[in-house]
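Q: Here it is, the structure in full.
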Amino acid sequence: MIRNYFKTAWRNLWKNKVFSLINILGLSLGMGACLLILQYVNFQLSYDHFNKNAADLYRVVNDRYQNGKLIQHGTITYSGVGKAMKDDYPEVLNNARVLQFGEATVTYKNKKVAKNLEYCVDNSLLTMFTFPVVAGDSKTALSEVNTVVISETMARKIFSVQGNDFQPCVGQLIKMGTDTFPTKITAVLKDIPKNSIFQFDCLISYQTLIHSYGYKEADYDFHDSDFWHYIQLKPGTDYKAFDVKMAAFSQRHFDGNKVSGSIEKFYLQPLLKVHLYSDTEYENIETASSNVVWGLLIIALFIIGIAWVNYINLATARASERALEVGVRKVTGASKGQLIRQFLTESLIINIMALAIAVVLAVLFQQVFNTLVNQQLSLASLLQKGLGGYAITIGLVIIVLAGIFVSGFYPAFVLSSFKPILVLKGKYSSSKKGIILRKGLVIGQFAITIVLITGAFIVYRQIKFMSSQKLGVNIDQVVVINGPQFTTPDTADTRAKAFLNELKQIPTVKNDATSFWVPGSETGRNFDIQSAHGDPTVHYTMRFNGVSTDYIPTYGMTLVAGRNFSPSDYAKKYGDLHSTILNVSATKLLGFSSPQAAIGQIMVKTKSRWTIIGVVADSHQKSLHFAIEPTFFRPQMSIGSWISVKMNTSNPTQTIASIKATYDKFFPGNIFDYEFLDQRYNAQYKNDALFGEAFGIFGGFAIFIASLGLLGLSLFATLQRTKEIGVRKVLGASVSNIVLLLSKDFIKLVIVAIVIATPIAWLILHHWLQDFAYHIGISWWIFALSGIMAIAIALATISFQAIKAAMMNPVKSLRSE
């Protein structure tokens, strides 16, 4: 019997090749797109689930309030926070402090390995997180001073390890960055999975920070906020209830209102939410956008849903063609259950064929997709443990099975319900309920299509707006170089000035400067600022940057009042610095009526008095997701931080070679590491760019699949009205009359879809734009254009078959009837 079901189903599919092709093509494209999107979604949702204690691990986050306003929503806080929490609350099982060192050069004998990401951490981090060791003992690896744990990859780079024997690496001595003392390797860790928020090359013992680096405040302090904290709660602890206790914790340990005029509020962020749901400052990890992930997942469900709707529509629309078949089967003894199983078999065959083709398509386009999302994914990515365990994988299987059943069951139920007597007498007609359902499904399809078209317009315009927005700094043809690590402090200042002067001798170098941070980086923040002419009890907060004399001209910043820094403003000792330059927002914060009014006034910073010598126009230090903040600049040479070189050349490769030669001359033994600033700055928009590209590509898939369904319905409608078309042509109807006749019912459905989709699209896109401090407005013409495009797509789809039918010889049409 089962064999007969499959044989009959195959014959019917082969007999109706066009409709079978439309169904299989639509389903395979929808499933293929789904398989690709779900790889990315599952990978992003799988972050940190490999940690055995993941459900009980949290990051400490704090908000700072000043003058009643939130001034910082950040991840860095004081060294004493984690230990104080463990001492105060029995719910805290463990804690670990983390200080990011950034990228450093590691030296082993005469070998140097550059760009190693370093962290200083407590040994407890190795037991809280699941970082398997391949050599050494993780329980004690970082318990002593001057010890370090390195990754497999780093071990292979330093020691040229062959195979998997890393034990000889343990006990070896290396030097980290500019350290004068050796550090002992105590363990080698298995390479950290890509879906971990922690990505590092080496972990230095926290005791080294305190004792060898002399950073005493790193032990237990509530003044210097440079540290990240992770805590582990006892299993079953409600972290939200724990957060309620944090108000008392802040009052007990932190006297910030007296120290900097700010009030602290601490709370916990679940480890499993850090990657996708972080909106905090001073991130020391790479995060992704939950809006992008969930947006792509919704698009994937839309695509596969549209494909299954196509199948339902075409199967039920062709009910009149199969009515006679059902009538004969029923007369010859076929039961309703047998007919349902027969039609479900047809659905199963189509979906299995489509799924097989979809897998092939996913494999063929895998590398293209990987390039788009900048990840190395595969179909195996769907098997990774992620949100809710294997929820995505299980959900995918359930969705496919449910889709096959639902898309097959309704047509099967409709077709098996025909009354054989009426059918054989030729009195069958489509039910009104079936027609209403098909119309509703078409409206739903095109409502989704219109939302996607509108979304593509808005996303594209916002990304274009961000790329064309004037930043207030000129980052074109600017090369930023990591400052040298191997230079002594007493000669750094003199050598830096000579280096910058010699760079200017290169004909294609327009200007150069040093700074603590460059545009696109998060600058530091000072909380204890007051205005000498204002209320002495009121504290303000500003961003700051230490810059050399040519920083402002190098970046083309506009000086709106006063003067730039001169050599006389600089001093070797920080305590001898007394000149500062503000941006316009900073002058407004301090209550000056105009930038000119601020010149010569005094700004008090941590009880030191700074004379305002200049005011620059506001500029975007970070992406347009963030508002411009009050900022002050101080005159500090910082050769160990960033070196910015403004070029004026059509051949940057040659200029960079000249810059490197000069760098090597002044800083021998250092690795020349550079990047173009515009690329670095625009990297802040990578999640937005990914969303825009993916939205456009997969939105296009959804539109194409919806058009396939409309093509199938219009083809079937035309075949059903062949005789009517012939009669109308004989009576004098023109081709345009016939096309209008066949198109108007579908266009009415599209217009209804426009009415439904417009407010939905506005709500979704308005919410998305709120993530940007600076964004475009949503104009009415975008919705009008989207609607016109939807109508145009529908007309183009329908008109092909309508024109073909309208131009057919009416004699042939009537003869065939």
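The values are calculated or read from the model by the stated rules, or taken from the named source; none is laboratory data. Treat the numbers as computed from the prediction; the structure is a model and nothing was measured. FYI the Cβ positions are ideal-geometry reconstructions off the backbone, even for glycines, and counts take in every protein chain you see. Accessible surface areas use protein heavy atoms only, side chains included; no ligands, DNA or RNA. Shrake-Rupley method; radii C 1.70, N 1.55, O 1.52, S 1.80 Å.
Q: Can you name every one of the helices (runs of 4 or more DSSP H) wholly within the range 529-602 that holds 1 or more residues which are out of contact with any strand residue (DSSP E or B) (no Cβ under 8 Å at 6 or more places or on another chain)?
A: Where helices (runs of 4 or more DSSP H) fall fully within the range 529-602 and carry at least 1 residues being out of contact with any strand residue (DSSP E or B) (no Cβ under 8 Å at 6 or more places or on another chain), they are 584-589, 595-598.
Q: Out of Thr653, Thr611, Thr649, report the one residue that is open to solvent by 20 Å² or more (accessible area, probe 1.4 Å) and within 17 Å of Val584 (Cα to Cα).
A: Thr611
Q: Restricting the range 614-646 to residues that are among the hydroxyl-bearing types (Ser, Thr, Tyr) and at pLDDT 95 or above, which is least open to solvent (accessible area, probe 1.4 Å)?
A: Of the range 614-646, the ones among the hydroxyl-bearing types (Ser, Thr, Tyr) are 619, 623, 631, 638, 641, 644.
With the extra rule that they be at pLDDT 95 or above, the set shrinks to 619, 631, 644.
Working: Ser619: 24, Thr631: 24, Ser644: 1 Å².
This residue is Ser644.
Q: Within the range 275-290, is there a residue that is in a loop (DSSP other than H, G, I, E, B), at pLDDT 90 or above and closer than 23 Å to Phe198 by Cβ? Don't jump to the end; show me each part of the working.
A: Going residue by residue through the range 275-290, those that are in a loop (DSSP other than H, G, I, E, B) are 278-280, 282-289.
Among the residues that remain, those that are also at pLDDT 90 or above are: none.
Checked against the condition, which is being in a loop (DSSP other than H, G, I, E, B), at pLDDT 90 or above and closer than 23 Å to Phe198 by Cβ, the range 275-290 yields no hits at all.
Q: Moving on. Can you say whether Ser658 is among the polar types (S, T, N, Q), under 38 Å from the mean Cα position of the chain (by Cα) and under 30 Å from Lys686 (Cβ atoms), as far as the supplied structure shows?
A: Considered against the rule, which asks whether it is among the polar types (S, T, N, Q), under 38 Å from the mean Cα position of the chain (by Cα) and under 30 Å from Lys686 (Cβ atoms), Ser658 comes out as no.
Q: Would you mention how many residues in the range 245-255 are in a loop (DSSP other than H, G, I, E, B) and charged (D, E, K, R)?
A: The number of residues fulfilling the criteria is 2.
Q: Turning to a different aspect of this structure: Please go through (1) under 33 Å from the mean Cα position of the chain (by Cα); (2) within 17 Å of Val106 (Cβ to Cβ) for Phe166 and return the number of the only condition it doesn't satisfy.
A: Failed condition: (1).
Q: Which residue pairs have Cβ atoms under 7 Å apart, sit 6 or more places apart or on different chains, and have a first residue in the range 216-238 that is without any contact (Cβ under 8 Å) to a residue 24 or more places away in the chain and a second that is among the aliphatic types (A, V, I, L, M) and not in a loop (DSSP other than H, G, I, E, B)?
A: Lys216/Ile210
Q: Restricting to the range 704-723, count the residues that are modelled with pLDDT of 70 or more and open to solvent by 30 Å² or more (accessible area, probe 1.4 Å).
A: First pass over the range 704-723, keeping only residues modelled with pLDDT of 70 or more: 704-714.
If we keep only those that are open to solvent by 30 Å² or more (accessible area, probe 1.4 Å) too, we end up with 704, 711.
The number of residues fulfilling the criteria is 2.
Q: Output the number of residues of the range 769-796 satisfying the condition of being open to solvent by 20 Å² or more (accessible area, probe 1.4 Å) and assigned to a helix (DSSP H, G or I).
A: 12
Q: Mind counting the residues in the range 176-229 that are more than 30 Å from Phe43 (Cβ to Cβ) and in contact with a Pro (Cβ under 6 Å, 6 or more places away or on another chain)?
A: Residues in the range 176-229 being more than 30 Å from Phe43 (Cβ to Cβ) and in contact with a Pro (Cβ under 6 Å, 6 or more places away or on another chain): 0 in total.
Q: Give me a count of the residues in the range 286-315 that are open to solvent by 20 Å² or more (accessible area, probe 1.4 Å), under 27 Å from Asp771 (Cβ atoms) and of a type in the set (A, V, I, L, M).
A: Qualifying residue count for the region: 3.
Q: If Gln530 meets every condition in (1) open to solvent by 30 Å² or more (accessible area, probe 1.4 Å); (2) in contact with a Gly (Cβ under 8 Å, 6 or more places away or on another chain) apart from one, which number is that one?
A: (2)
Q: Here's a follow-up. With the condition kept exactly as written, say whether any residue in the range 625-635 is aromatic (Phe, Trp, Tyr), touching a Phe, Trp or Tyr at 6+ places or on another chain (Cβ under 7 Å) and assigned to a helix (DSSP H, G or I).
A: No, because not a single residue in the range 625-635 is aromatic (Phe, Trp, Tyr), touching a Phe, Trp or Tyr at 6+ places or on another chain (Cβ under 7 Å) and assigned to a helix (DSSP H, G or I).
Q: Next up: Give, as residue ranges, the helices (runs of 4 or more DSSP H) completely inside the range 59-174 that count at least 2 residues that are of a type outside the set (Asp, Glu) and open to solvent by 60 Å² or more (accessible area, probe 1.4 Å).
A: Per the criteria, 81-88, 152-159.
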